[in-house]
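Computed from the coordinates by the stated procedures, all read-outs in this text should not be read as laboratory data. Keep in mind it's a predicted model, so treat the numbers as computed, not measured. Note that we place each Cβ from the backbone using ideal geometry, even for glycine, and neighbour counts take in every protein chain shown.
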């Protein structure tokens, strides 16, 4: 009996060590995948400052997520997030598909920039679609960077976000709108590559950014800016007057309203 107890105890200890080592290695794996594989998906700068892992719960806290803008846009960033919480199913780490029970993105700062008939998020989404269409980076490269496995996200949640409009005509003035909360279920339901999962999430985010709930508020802010510009017309003549009038016209037609 004692012999069997000793053997049983040894097996439990080995399993605990396996889980601790496996989960603790998940932090560097996530950070490396985001920082090296992420930019290949979006064709922009993407980085993650740090990842904290709870070895007992399998929960991760991603700190300092940053997504840069494509070339041709003046704003330095598209998305900045202080904290992202991730709850991983530890039992799936050794399988072909990693199951993530929940990803919760809190208070993201989104910079929405319109220029030349397009915007930064549409450009990034197009880049992601091209990456997915091309099959993404090679399988060997993906495996080397820790992104070769499929993923399934049971719940993806975005809460408390804010959309800031970036336009040179605002001249330093702030125009922003609350981002409606997002809740997606079963992202990559049959097991998706990181690029495919990112495309699904980013498309949903872009849909919210360009929804009337956001653009109506941004238009109201722009109208206020336009009214302020109109007041500048008093006592203004010549070329300066035409410049101010041009600003008010751009404000009026920005979102086609």
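Using the average count of surrounding beta-carbon atoms within 10 Å as a protection proxy, the listed peptides 27-36, 71-80 rank, highest first, as 27-36, 71-80. First check a/c for region 80-124, with a ≥ b ≥ c the square roots of the eigenvalues of its C-alpha gyration tensor; if it is under 1.5, answer rounded, and if not, answer prolate when a/b is larger than b/c or oblate otherwise. Oblate.
Can you tell me how region 26-209 classifies by the Cα gyration tensor, rounded, prolate or oblate, using a/c under 1.5 as the rounded cut? Walk me through the numbers on the way to the answer.
On the way: a/c = 1.93, a/b = 1.51, b/c = 1.28.
It comes out prolate by the Cα gyration axes.
Find the relative contact order for region 26-209 and round it to a whole percent, using C-alpha pairs within less than 8 Å whose residues are 6+ positions apart.
On the way: 392 pairs, mean separation 35.4, N = 184.
Contact order relative to length: 19 percent.
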